[in-house]
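Scroll down for the structure; my scribbles are underneath it.
Here, each number is a calculation from the coordinates, and none is a lab measurement. The structure presented is a predicted model; accordingly, all values stated were derived computationally and were not measured. For neighbour counting, all protein chains shown are included, and Cβ atoms are generated from backbone atoms with ideal geometry for every residue, glycine included.
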Amino acid sequence: MQYVFVGTESFIGAIKLHRFGQVVELPAELAGGAQIGGCPIVSKPAFDSVRFTAEDLQRYTDVGSHAGATPEFLEKKHRAILAFQAEAVQVRADRATVKPAVEVIDVVQQ
Amino acid sequence: MSYSNSANERIYIQKEASFGVIPNSTGTPTLANGDACRHRKATLNAVQGIITRPDKTGTLSATIGIGGRKAATWSLEMSLASSVAGTVPDCDPLLEALFGKAGAVGTGPAKVTYELDDASPSLSIWSFRTPAALVQRVGFGCVAASAQFTLGQDIAMLSVSGPGKYVLDTGQQAVLTDGDAAKGGLTGATFVTEPSAPVTSGIPVIGFTGVVTLDTNVYATVRNATVRINTGRAMIDDAFNNYFALAPFQRTREVLVDFSIYDDDSANAKALLAKAFLKTPVDLIFAMGTVAGNTWTFTLNDVLLPVPEYDDSSDRYALNFSGCRAYASSDTAKDEIKLVIT
């Protein structure tokens, strides 16, 4: 499944994400874990729904350029980040059902 | 035989739901790629004393000792780094353990806020080195006793240290029996393998960028600053029938800042000096970084400034304020310091 990077710099194993709008192909399981871990990637359909223009993605691929970006671009970037955060919350909720932890019984060591 | 390069290490940090219990699912660690956190330096050491029998033997030779109580010490040092506003940084568990409660995600603008609380959250800290055949470790029941944010140099840094319940390693897991407190709730003889695709995010904060506001005035002449938090947390390590420490206690915390500014004849500098001598509390704000999503703002309330030291060790005179202590604004507020990442 395709995801799009909306952050500054991240690593997922050997994959380096450092360009805004960088598309990466990831298994959903791995992508979900990355999202929970704070890696700002958003599913391609959600990213596309923000309607960045080709010019946006060409002009602002370097995050350093965002300081001088247009308000319109920054608004779209904000919506893309919100989409990532919403997906991360959903993944976290989906994975919340876990088996109980084993507690420690402080036995006296001989 | 393989050796271990210091750089061939990754750290993973997990919040513990119960003190001294490594997060697990029916005894198997629930360690994930997203728990990774880049770091510069890590120490994770088990500690065990030797109990010496005091009785005379009739000679000057000592009686062989017996293994005593077990504990751990740990420390981590890393650059400040966050990725996007409103998402917690990789070091979030560390900040929660330091401040005493979870960071609060907020809006308008998007931010994560860390405020003080009187709880003592604990961590499990994993160290994986390569090659994998080396001893791998996990420190559990790790609490934050002291921390230091170092600002002003090229990369803003964070270092945190404290005591822990114990450090389990691959060798011990293989030989300890399930249920032994030294296993931290894990079962079986096999240590977990490192997650295959560690996730880390964010660029570092350039430590000499940002805005420093001292007593409502913005200063461009700050040379460096260090924010220190001594949480006062320590372990109950003298309980009867326990080789391991019990859940920690906490003394009164101490939030301190040291900073140095170039001396000048401005009205602002003179006013700051006057408040140092009169012991009038001031608020200090260190906003580090300029990149959206990676700006770390430390707000220190009611800081009593010490009499500064005049420093002529470099070419321009400086004023060094050392050990400035921040205080809560009321008996119920725990607002000596607040960290907001925007």
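List of remarks:
- Angle in degrees between helix A:71-94 and the longest Cα principal axis of chain A, rounded to the nearest 10: 20
- Ordering of B:59-67, B:295-303, B:167-175 by packing is B:295-303, B:167-175, B:59-67, highest average first (other Cβ atoms within 10 Å, averaged per residue).
- Derived scalar couplings between HN and Hα for the stretch B:207-217 equal x, 9, 10, x, 9, 10, 10, 10, 6, 6, 10 Hz in order, rounded to whole Hz, by the Karplus curve 6.51 cos²θ - 1.76 cosθ + 1.60 (θ = phi - 60°), x for Gly and Pro.
- Cα centroid separation, the stretch B:155-219 to the stretch A:1-79 (Å): 27
- Extension gain from B:Ser4 to B:Thr221, taking 0.36 nm per residue of separation minus the Cα-Cα distance: 73.8 nm
- Distant-in-sequence amide contacts of B:Ser82, defined by a placed amide H-H separation under 5 Å and a gap of 5 or more residues or a different chain, comprise B:Ile203.
- The stretch B:280-326 - convex hull of alpha carbons, volume per residue in Å³: 103
- Amide proton proximity set for B:Asn24, modelled H, under 5 Å, gap of 5+: A:Val102, B:Thr30
- The stretch B:20-36 and the stretch B:228-307 have Cα centres lying 33 Å from one another.
- For the stretch A:2-94, alpha-carbon Rg and Dmax in angstrom: 12.6, 38
- For peptide A:56-68, the mean count of partner chain Cβ atoms within 10 Å of a residue's Cβ comes to 1.
- Hull-based mean projected area of the stretch B:123-212, where the convex hull spans the alpha carbons, in square nanometres: 7.9
- Modelled FRET efficiency - R0 60 Å, A:Gln58 with B:Phe277, Cβ distances, 0.05 increments: 0.55
- Where Rh is the Kirkwood radius over Cα pairs, Rg/Rh for chain B: 1.04
- Averaged over B:15-23, number of beta-carbon atoms from partner chains that fall within 10 Å: 2
- Across the alpha-carbon set of the stretch B:226-314, the Rg to Rh ratio works out to 1.16, Rh being the Kirkwood radius.
- Per-residue mean of C-beta atoms belonging to partner chains within 10 Å, peptide A:33-44: 6
- Computed over the alpha-carbon pairs of the stretch B:47-173, the distance histogram in 10 Å steps reads 11, 29, 28, 17, 9, 4, 2, 0 percent, short to long.
- For chain B, adding -39500 (n - 2.57) for each run of n ≥ 4 DSSP H residues and dividing by the number of residues yields -2000 deg cm²/dmol at 222 nm.
- Neighbour counting of Cβ atoms within 10 Å sorts the residues B:Glu77, A:Glu87, fewest neighbours leading, into B:Glu77, A:Glu87.
- Both radii come from the Cα set of the protein assembly as shown: Rg as radius of gyration, Rh as Kirkwood radius; their ratio Rg/Rh reads 1.02.
- Karplus-based coupling profile of the stretch B:153-170, in residue order and whole Hz: 8, 4, 10, 6, 10, 10, 10, 9, 8, x, x, x, 6, 5, 10, 8, 9, 4, with θ = phi - 60° in 6.51 cos²θ - 1.76 cosθ + 1.60 and x standing for Gly or Pro.
- Estimated vicinal HN-Hα couplings, Hz - the stretch B:320-333 in sequence order (Karplus 6.51, -1.76, 1.60; Gly, Pro = x): 9, 9, 10, x, 6, 9, 9, 10, 5, 7, 7, 5, 9, 6
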